[in-house]
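Colleague: Have a look at this one.
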Amino acid sequence: MAVSTLAFVCLVTFVHYTAAQMRGPVLTLYADAHGATATAIGLILGAHMAAAAAGSIPLGRVSDVWGRRPLLLGGMAIGVVTSLLLPLAGRPASLLTIYAIAGLGVAAFTPSALSLAGDAAPRGRIAYAYGWYSTAHYGAIGIGPFVGGLVAEWWGYRLAFVASGVGIAFALAIGAAVPLRIRQPAAGVPGVTFADIRRNLDVWAGWVVAAPLSFSAAGSASVASLSLSVNRQT
């Protein structure tokens, strides 16, 4: 059952993130076509990840209390709604608001999916399970933008957003339909509290390393957006 649960998590993660990542390059072009400046485009993209970062810890805690599946499904539901709202918006402020809310969907999905992968891992093979999850996650991040750009080139920006919503809805249907039995921790094994996490130096080290990488990614996106705007003006 643990192996099937891990396969389920990887499948849902791959489909969800492939569809969700279709929005990134399309949103940049769409915002530029509606008059957004390079700075505004950078803010739109940054708001998405800032919301994901801000929501991950509290929504991860909610996942511990309410269970993995409700947050997993809820995050994907937010992804469907926001993808379908993007083609209805045009002003940078509206795009920023919608894409920031989409970031909260990511914050609901990712901690729950990671936790499911960890819960499904055989004893002593947690890193192996996370490796499979990472392969599905990063593979989707690599494929999604290409698929989004292809759909936008064939059918336009708005239909690319709709296709993203349909793809996330497909992942949501898989997540809702597949029955799961999550293995519970052995009796007598103490759980980890949030206070334990705050006092863990390894966790703080991970946050310190992740922060500049996130800023670097946001900076790269802003530079790409600026280059796009400059090329279109010349």
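A short reminder: the numbers here are calculations on the coordinates, not readings from a lab. Given the structure is predicted, the values throughout are model-derived calculations rather than measurements. Backbone-built Cβ (ideal geometry, glycine too); neighbour counts: all protein chains shown.
Colleague: Please list 12-25, 129-142, 159-172 highest first by mean number of surrounding beta-carbon atoms within 10 Å per residue.
Modeller: Listed from highest to lowest mean packing, they are 12-25, 159-172, 129-142.
Colleague: Something else now. Determine ³J(HN,Hα), in whole Hz, for all residues of the stretch 91-107 in sequence, where each value follows from phi through the Karplus function 6.51 cos²θ - 1.76 cosθ + 1.60 and θ = phi - 60°; x replaces Gly and Pro.
Modeller: Couplings: 6, x, 5, 5, 4, 4, 4, 5, 6, 5, 4, 4, x, 5, x, 4, 5 Hz.
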